[in-house]
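Heads up: the structure comes next, in structure tokens.
The values are calculated or read from the model by the stated rules, or taken from the named source; none is laboratory data. What you see is a predicted model, and the numbers here were worked out from it, not measured in a lab. When we count neighbours, we look across all protein chains shown, and the Cβ atoms used for this are built from the backbone with ideal geometry, even at glycine.
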Amino acid sequence: MTTNNSQLHQSLSKGIIFKDFFEILAFQSGEFKDHPEILLWASRQNPKQRHLKSGHALIRNFRKWGSQERKDADKATIEVGGWFGLVEFLTKFKNTVDAPDISLYLCFCVELCEIERIIVSNARRNSGDSFLVGALNQWFCLDTIEPSPLSTNELLDIHRMMLWAALYEQYIAIAYPQLQTASTEKGNPTSLIYYIPKIAKDGKLVTSIEAMFNHLINKRGYSHKQELYEHLASSSEIYQNDKSESNDPKSIRTQFERWQKGKSPFTIKSFKKVFQHLLKIHLDEYDESLLLIVFVNVFSQKQRSLRENGHLPESIIAEFSKYPFYVDKVNDNWKYFKILADKSTDRDH
């Protein structure tokens, strides 16, 4: 990736790794309304914490932190970026976790936030160009990119989203090792690799959410989408409790098209309503793996935006096809972090 120094510093002034993290993943996706709602959902993943309500002290304190203490931090000129809220979130979430391996992985993510803090600090002082470029090359698959028609900011947006997704998939691999997924060439587990955008026979871009629909439809054995719509229309299990929606094939097709075009958010609730019955699987209310749908959504939003800005499908696919790199990169760094943690434990003893 080639860019001038001022452009680079401007891009990194609010962070490189976690820039706009909550805004994009939580709020633009339509899954959550605010940070405390995310913490409440995450805390309930622990069976011992499923009684938590929005008025619980843990959530109230986090809501308070989100207003007054964050303002105080800004006044104290702390280098605030996307990492700042994430550290607080991860720390509080860690307090609800019992499993040592998950707790250690959350520490790994906090350390990544510390790297982000240093990056932001250097960028805001407009110094340390070699450090900034080194950080880019350390965490992002950008140094080997051939000249791209995409801008610096567009490239960074894509690659940081893929890094977030890989970080979450690593968490899922630790928390749910029994899940059956695909894998990278290095053997690291991933589900999102199924949903990398493609080019259709007519040359149009198949976004990640379309790729997900196609994958799940094929997995169920339907020969074409119309067969799916007709099946859904006849499935009383899906629509019997929802009188607000029409259940004829044409209306269902319209809803799928709205999801694919981004005109209506395809949420976890939407997925459970449609595919839980079709795939004949039970999806627990607290199934964390369902958050992968959020990444499918933000990938698709970015892909549609790039297409609307005139970028060719080939250019978009060229970037998103590098997703396996991030799965492997996160796994490698996580393994190294565990080795260091084990050595530290041995020294303490």
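Taken over region 305-339, the criterion of being touching a Leu at 6+ places or on another chain (Cβ under 8 Å) and over 25 Å from ALA173 (Cβ atoms) is satisfied by LEU306, ARG307, HIS311, PRO313, SER315, ILE316, ILE317. For region 157-207, residues that are more than 21 Å from SER289 (Cβ to Cβ), touching a strand residue (DSSP E or B) at 6+ places or on another chain (Cβ under 8 Å) and charged (D, E, K, R) total 1. The residue pairs whose first member lies in region 260-280 and is farther than 10 Å from ILE293 by Cβ and modelled with pLDDT under 80, whose second member is assigned to a helix (DSSP H, G or I) and basic (Lys, Arg), and whose beta carbons are closer than 8 Å, counting only pairs six or more residues apart or on different chains, are LEU278/ARG220; LEU279/LYS219; LEU279/ARG220.
A single entry from ARG347, ARG304 fulfils the requirement of being farther than 17 Å from TYR195 by Cα and either at pLDDT below 80 or in a helix (DSSP H, G or I) (or both): ARG347. Condition check for PRO189 on (1) surrounded by 16 or more Cβ atoms within 10 Å (Cβ to Cβ); (2) under 30 Å from SER315 (Cα atoms); (3) modelled with pLDDT under 90: one failure, at (3). Sort out which residues of region 172-231 are touching a residue at least 24 places away in the same chain (Cβ under 8 Å), over 23 Å from LYS322 (Cα atoms) and more than 21 Å from the chain's Cα centre (by Cα), and write them in order of number. Listed by number, the residues that qualify are LYS219, ARG220, LYS225, GLN226, LEU228, TYR229, HIS231.
Within region 141-167, if we keep just the residues that are modelled with pLDDT of 90 or more and over 20 Å from SER305 (Cβ atoms), the residue that is surrounded by the fewest Cβ atoms within 10 Å (Cβ to Cβ) turns out to be LEU167. Among residues of region 323-334 that are of a type in the set (Asp, Glu), those with a Cβ under 9 angstrom from a residue that is crowded, with 20+ Cβ neighbours inside 10 Å, sequence gap 6+ or separate chain, pair up as ASP328/ALA166; ASP328/ASN188; ASP332/ASN188.
Hey, any hits in region 75-84 for a residue that's at pLDDT below 55, in a helix (DSSP H, G or I) and more than 21 Å from LYS335 (Cβ to Cβ)? So far as region 75-84 goes, yes, one or more of its residues are at pLDDT below 55, in a helix (DSSP H, G or I) and more than 21 Å from LYS335 (Cβ to Cβ). Restricted to region 310-322, and to residues there that are in contact (Cβ under 8 Å) with a residue 24 or more places away in the chain and not aliphatic (A, V, I, L, M), the residue that is surrounded by the most Cβ atoms within 10 Å (Cβ to Cβ) is GLU319.
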